[in-house]
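Laboratory data are not the source of any read-out in this text; all were calculated from the coordinates shown. These figures come from a predicted structure and were not determined experimentally. When we count neighbours, we look across all protein chains shown, and the Cβ atoms used for this are built from the backbone with ideal geometry, even at glycine.
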Amino acid sequence: MSNAGAEALSAGAANEAAEAIHVENLHKKFGQLHVLKGVSMSARDGEVVAIIGGSGSGKSTLLRCINCLENPTSGLIRVNGEEIRLKPDHHGGSVPADRRQIERIRSRLGMVFQSFNLWSHMTLIENVIEVPVHVLGVKRDEAIAGAEKLLERVGLSEKRDVYPAFLSGGQQQRGAIARALAVQPRVMLFDEPTSALDPELVGEVLKVIADLAREGRTMVLVTHEMKFARQVASHVIYLYNGLVEEEGPPEQIFGDPKSEKLKQFIRNIH
Ligand code: ADP
Ligand code: MG
């Protein structure tokens with residue numbers, strides 16, 4: 001290759017942020033039910049990718065495959081450049097080829113689910129330090145110092161020693177975000193983090209997520225909050241029936257959708 005060619009290549013590589021998540025032709029079947037039918041997507045460092053779509057379109061299944069909570073039937077997933085290695089099982093699906101790899105990958109992803117997932121038998125700060133101390137081997141006093149900073153960031157310093165049952169839904173979700181951040185994840189995954197909340201508590205959780213977006217955190221966010229997706233997302237993916245029906249920048253997806261299905265979806269939301 002000529003020098004000029006090599007320079008052009010490396011300049012191109014420098015402009016493009018690395019892919020934190022890469023999904024290619026992902027299929028997932030539950031028995032006869034073909035839920036994901038060849039989904040491809042990626043999230044580059046610093047990107048906020050919003051995934052929207054009707055109920056049952058496969059949004060949660062996609063996130064769960066990325067986080068190794070479900071095993072893909074076929075397809076390729078790379079997290080932090082590392083391909084999840086799978087081997088065939090006896091039912092036409094796959095299982096992880098290397099359990100330790102799954103643990104390593106999962107420990108670098110911060111996942112926040114729809115319903116509050118703090119451990120009920122631990123105080124808030126114990127929740128936040130649990131994985132750093134017991135999985136990642138961080139010293140307890142260091143983990144506590146880190147956790148206190150995180151709780152301050154999500155506005156829960158004064159709830160440090162409270163059990164989840166004594167927190168509001170919004171506080172629990174903010175606590176869950178602090179706990180997810182404690183592993184210093186390269187990517188945060190959110191699955192409808194506000195859909196189980198009373199309406200008056202939604203804003204405080206969205207604000208925390210918007211702050212993370214502003215800091216340039218890489219996120220994949222499944223949400224039915226369309227206004228919010230439009231504000232924070234750099235890229236929007238519309239899933240329909242297990243396939244990417246349309247994707248693009250938020251202005252295009254919400255302002256100038258092409259697909260009839262997406263147009264109808266947006267009409268029904270408003
Ligand atoms: P969404 O999050 O977009 O609402 P899901 O990914 O949760 O959709 O579900 C997609 C489809 O897969 C639904 O029909 C759902 O019932 C089915 N499904 C999800 N998880 C399982 C499972 N563990 N076993 C069987 N079917 C499942
Ligand atoms: Mg879901």
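Amide hydrogen proximity for VAL48: with H placed 1.01 Å from N in the peptide plane, the residues at 5 or more positions away or on another chain lying under 5 Å are MET219, SER234, HIS235. Summing Cβ point charges (Lys, Arg +1; Asp, Glu -1) relative to the Cα centre of the stretch 120-184 gives a dipole of roughly 160 debye.
Simple rule: put +1 on each Lys or Arg Cβ and -1 on each Asp or Glu Cβ in the chain, find the dipole, and look at PHE113, VAL205, GLY255; the Cα lying farthest toward the positive end is PHE113. For the stretch 153-162, backbone phi angles converted through the Karplus equation (6.51, -1.76, 1.60; θ = phi - 60°) give residue-by-residue couplings of 4, 9, x, 10, 3, 6, 9, 2, 9, 9 Hz, Gly and Pro being listed as x. In plain terms, the C-alpha convex hull of the chain casts an average shadow of 17.4 nm² when viewed from every direction.
Calculated translational diffusion coefficient of the stretch 123-270 (25 °C, 0.890 mPa s; Stokes-Einstein with Kirkwood radius over alpha-carbon pairs) equals 146 µm²/s.
Could you tell me whether the stretch 129-191 comes out rounded, prolate or oblate from its Cα gyration tensor? Rule is a ≥ b ≥ c as square roots of the eigenvalues, rounded for a/c under 1.5, then prolate if a/b exceeds b/c, otherwise oblate. The shape class here is oblate. Comparing ARG153, ARG179, ARG64 in a Gaussian network model of the chain where C-alpha atoms under 10 Å apart are linked, the largest mean-square fluctuation is found at ARG153.
Within 10 Å of each candidate Cβ there may be at most 16 other Cβ atoms; applying that plus a DSSP loop requirement, which GluC sites (Glu not before Pro) in the stretch 153-250 survive?
Numbers: sites: GLU158, GLU200, GLU204, GLU215, GLU225, GLU245, GLU246, GLU247; in loops: GLU215, GLU225.
The qualifying sites are GLU215.
In the chain, helical runs assigned H by DSSP with n ≥ 4 each contribute -39500 (n - 2.57); averaged across all residues and rounded to the nearest 500, the mean residue ellipticity at 222 nm is -12000 deg cm²/dmol.
Placing unit charges on C-beta atoms (Lys and Arg positive, Asp and Glu negative, everything else neutral), compute the dipole magnitude of the chain about its Cα centre in debye, rounded to 20.
Values: 32 positive and 34 negative charges, 100 e Å.
Dipole magnitude for the chain comes out near 480 debye.
Residues whose amide H comes within less than 5 Å of that of GLY75, counting only those at least five positions distant or on another chain, are HIS27 (H built at 1.01 Å from N in the peptide plane).
Direction-averaged projected area, Cα convex hull, the stretch 191-270: 5.5 nm², rounded to one decimal.
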